[in-house]
Amino acid sequence: MKQRLIGAVGVMAVTTIMLVSGGWVMVTGLLALSIGGLYELYHAMRSDPDKQSSSGSENDAFWTMFITGILATVAWFVMIVFFRDGIMNQNLMLMYLLGLMMVMMMETVFLFPRFTFLDTAVTLLGIFAISMLFSTFYLIRTSQYGKFYVWYIFAVAWGSDVCAYFTGMSIGKHKLTPRLSPKKTIEGAVGGVVGSIVLCTILGVSMARVMLEDQGVMLRFSLVIGLVGGVFAELGDLFASSIKRVMNMKDFGNLIPGHGGILDRFDSTLMVAPIVMLMLNLFNMV
């Protein structure tokens with residue numbers, strides 16, 4: 001428990017520094033988290049017993065995935081920093097995705113059988129589900145009032161995680177997904193969503209006073225963010241659990257004491273960030 005508390009405090013401190021600082025501090029931090037997350041995901045794939053037969057060389061496949069993931073991630077972050085409007089207008093994003101797909105197709109052809117379409121799928125999963133989702137933190141932070149809105153991501157994730165844990169420990173009886181995550185309960189999941197709603201509501205009312213926004217609008221927005229985000233926070237955690245279950249592993253890494261790796265700590269947060277950005281656009285708040 002002591003290690004877990006130290007790890008949680010450390011993560012909160014680093015996260016707070018990134019969010020408050022913004023700019024290059026945030027970009028550098030998110031880039032480092034993305035690359036670390038890619039390493040954890042691709043390294044986890046090395047435990048696949050079929051990897052040798054499917055790719056010919058397990059180690060070659062890993063390094064091809066990791067190097068491709070790093071280059072694609074760096075390119076993406078350069079684009080969101082210097083060409084943010086083009087990304088938000090989707091034209092540049094489409095060009096990036098098409099270019100990435102072409103590169104992956106060429107790798108699958110010219111590096112066969114050391115690198116197959118299965119490795120391509122894993123590589124793309126890492127880029128989309130880790131690097132691009134981490135980048136939404138920056139996109140929210142650089143929007144109008146983004147220095148306030150970005151805190152919704154962590155209000156949802158932290159509220160959901162903490163309340164789900166304590167609710168499940170105290171009154172949890174009915175298993176949510178026994179084959180996927182045996183310790184999670186329906187009561188814990190409901191408690192997590194309620195915790196997310198409560199924390200987002202407190203945050204929204206507080207921000208309305210600072211931003212001089214209509215409290216009614218902020219309250220409705222916060223309730224929706226808390227509800228929808230709380231559900232997706234649970235899904236993000238379960239998605240990470242599904243990968244670990246298939247790979248027969250407990251954690252993605254051991255970087256954060258008591259928590260595991262980057263993906264173990266940010267699994268729910270990664271799923272929440274695009275939900276917050278989507279809701280901000282639906283409510284015309286950016």
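Values computed for the structure shown
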item: Enumeration of residues in segment 225-264 that are open to solvent by 40 Å² or more (accessible area, probe 1.4 Å), under 18 Å from residue 39 (Cβ atoms) and in contact with a Gly (Cβ under 9 Å, 6 or more places away or on another chain); result: 250, 251, 254, 255
item: For residue 129: the one exception among (1) open to solvent by 10 Å² or more (accessible area, probe 1.4 Å); (2) under 26 Å from residue 248 (Cα atoms); (3) without any contact (Cβ under 8 Å) to a residue 40 or more places away in the chain; result: (3)
item: Criterion (modelled with pLDDT under 95 and surrounded by 15 or more Cβ atoms within 10 Å (Cβ to Cβ)) met by exactly one of 11, 20; result: 11
item: Hits in segment 106-123 - residues which are closer than 23 Å to residue 77 by Cβ and either hydroxyl-bearing (Ser, Thr, Tyr) or open to solvent by 90 Å² or more (accessible area, probe 1.4 Å) (or both); result: 106, 120, 123
item: Candidates 222, 242 - the one that is touching a Leu at 6+ places or on another chain (Cβ under 8 Å), closer than 17 Å to residue 201 by Cα and either assigned to a loop (DSSP other than H, G, I, E, B) or polar (S, T, N, Q) (or both); result: 222
item: Enumeration of residues in segment 73-113 that are touching a Gly at 6+ places or on another chain (Cβ under 9 Å) and assigned to a helix (DSSP H, G or I); result: 73, 75, 79, 92, 93, 95
item: Residues of segment 174-187 satisfying the condition of being open to solvent by 20 Å² or more (accessible area, probe 1.4 Å) and of a type outside the set (A, V, I, L, M); result: 174, 175, 177, 178, 179, 182, 183, 184, 187
item: Subset of segment 148-170 (residues that are farther than 26 Å from residue 243 by Cβ and surrounded by fewer than 16 Cβ atoms within 10 Å (Cβ to Cβ)); result: 170
item: Among the candidates 143, 135, residue that is open to solvent by less than 80 Å² (accessible area, probe 1.4 Å) and part of a loop (DSSP other than H, G, I, E, B); result: 143
item: Candidates 84, 141, 114, filtered to the one that is of a type in the set (Lys, Arg) and more than 23 Å from residue 37 (Cβ to Cβ); result: 114
item: Residue within segment 268-277 that is open to solvent by 80 Å² or more (accessible area, probe 1.4 Å), in a helix (DSSP H, G or I) and closer than 14 Å to residue 143 by Cβ present; result: no
item: Any hit, segment 65-77, residues being more than 17 Å from residue 132 (Cβ to Cβ) and not basic (Lys, Arg); result: yes
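Results for (1) modelled with pLDDT of 75 or more; (2) more than 17 Å from residue 150 (Cα to Cα), shown as yes or no for each residue.
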| position | (1), (2) |
| --- | --- |
| 24 | yes, no |
| 36 | yes, yes |
| 39 | yes, yes |
| 49 | no, yes |
| 52 | no, yes |
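Condition check ((1) over 22 Å from the mean Cα position of the chain (by Cα); (2) within 25 Å of residue 11 (Cα to Cα); (3) open to solvent by 50 Å² or more (accessible area, probe 1.4 Å); (4) at pLDDT below 90) across all residues:
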| position | (1), (2), (3), (4) |
| --- | --- |
| 172 | yes, no, no, yes |
| 189 | no, yes, no, no |
| 194 | no, yes, yes, no |
| 216 | yes, no, no, yes |
| 223 | no, no, yes, no |
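The values are calculated or read from the model by the stated rules, or taken from the named source; none is laboratory data. Note that the structure is predicted; figures quoted are calculated from it, not measured. Because the Cβ atoms are built from the backbone with ideal geometry, glycine has one as well, and the counts that use them run over all protein chains shown. Surface areas here come from the heavy atoms of the whole protein model, side chains and all, with no ligands, DNA or RNA. Shrake-Rupley method; radii C 1.70, N 1.55, O 1.52, S 1.80 Å.
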